[in-house]
Amino acid sequence: MSGVLLVAATEIELCHHEGLACGIGPVEAAAATARALAVDPPRAVVHVGVAGARGLMPGALVIGTESVYCDIAAKIPVIDRASPDGSLLEAVRAALPDALALPIGTSAAVGGTDTGLRVEAMEGFGVLRACAHAGVPAVEIRAISNEITEADRARWRIGRAIEALAEALPAVLAAAAK
């Protein structure tokens with residue numbers, strides 16, 4: 001069993017840290033994370049990345065209190081929520097006292113769904129569900145890059161979001177390793 005596995009959709013979101021670039025979207029994230037957990041199970045998973053939000057400034061950090069799968073709807077009960085590990089959540093909140101703690105929506109579609117959630121990304125539910133199945137504690141952290149409804153990607157502040165992640169990751173990884 002290894003230490004903390006850092007997971008992000010892309011290499012740039014890993015911010016020069018060793019980790020798993022799981023791919024974009026909930027399916028790729030779940031599959032890649034499940035494989036990594038099967039090959040070398042870590043003590044914990046920290047999932048990070050950029051996200052869209054409603055009413056939050058670019059660079060704001062959000063720690064997920066739950067991950068909500070926004071794309072699934074059925075006439076029968078389905079699993080559409082995944083919770084972070086409570087102890088890991090508290091450790092990360094202590095490491096990032098200025099970060100907001102909110103539910104984070106997961107959707108395969110850019111541009112948001114009308115869920116009422118303030119924060120939406122594309123991989124969190126997949127990563128947290130893979131970790132839940134493997135019995136590995138996990139938490140999701142997002143840095144805001146844009147308003148969810150902003151269609152003009154030239155207006156997204158991805159660079160600012162990556163800077164915020166890079167600044168936060170040393171404290172987050174230290175807290176998760178305890």
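The values are calculated or read from the model by the stated rules, or taken from the named source; none is laboratory data. Quick caveat, the model's predicted, so the values are computed rather than measured. Note that each Cβ is placed from the backbone with ideal geometry, even for glycine, and that neighbours are counted across all protein chains shown. These area figures cover heavy atoms from the full protein model, side chains too; ligands, DNA and RNA do not enter into them. Shrake-Rupley method; radii C 1.70, N 1.55, O 1.52, S 1.80 Å.
Things worth noting here:
- Qualifying residue in segment 61-69 (condition: open to solvent by less than 10 Å² (accessible area, probe 1.4 Å), β-branched (Val, Ile, Thr) and under 16 Å from Val127 (Cα atoms)): yes
- Arg35 meets all of the listed conditions (1) under 14 Å from the mean Cα position of the chain (by Cα); (2) open to solvent by 20 Å² or more (accessible area, probe 1.4 Å); (3) not aliphatic (A, V, I, L, M) but one, namely (1).
- The helices (runs of 4 or more DSSP H) falling completely within segment 68-178 that include 1 or more residues that are within 17 Å of Leu56 (Cα to Cα) map to 158-177.
- Out of Ile24, Ile79, sole residue that is open to solvent by 60 Å² or more (accessible area, probe 1.4 Å), under 20 Å from Trp156 (Cα atoms) and touching a residue at least 12 places away in the same chain (Cβ under 8 Å): Ile24
- The lone exception for Gly52 - which of (1) under 17 Å from Ala9 (Cβ atoms); (2) in a loop (DSSP other than H, G, I, E, B) it fails: (2)
- Some residue of segment 109-121 being touching a helix residue (DSSP H, G or I) at 6+ places or on another chain (Cβ under 7 Å) and either open to solvent by less than 10 Å² (accessible area, probe 1.4 Å) or at pLDDT below 95 (or both): no
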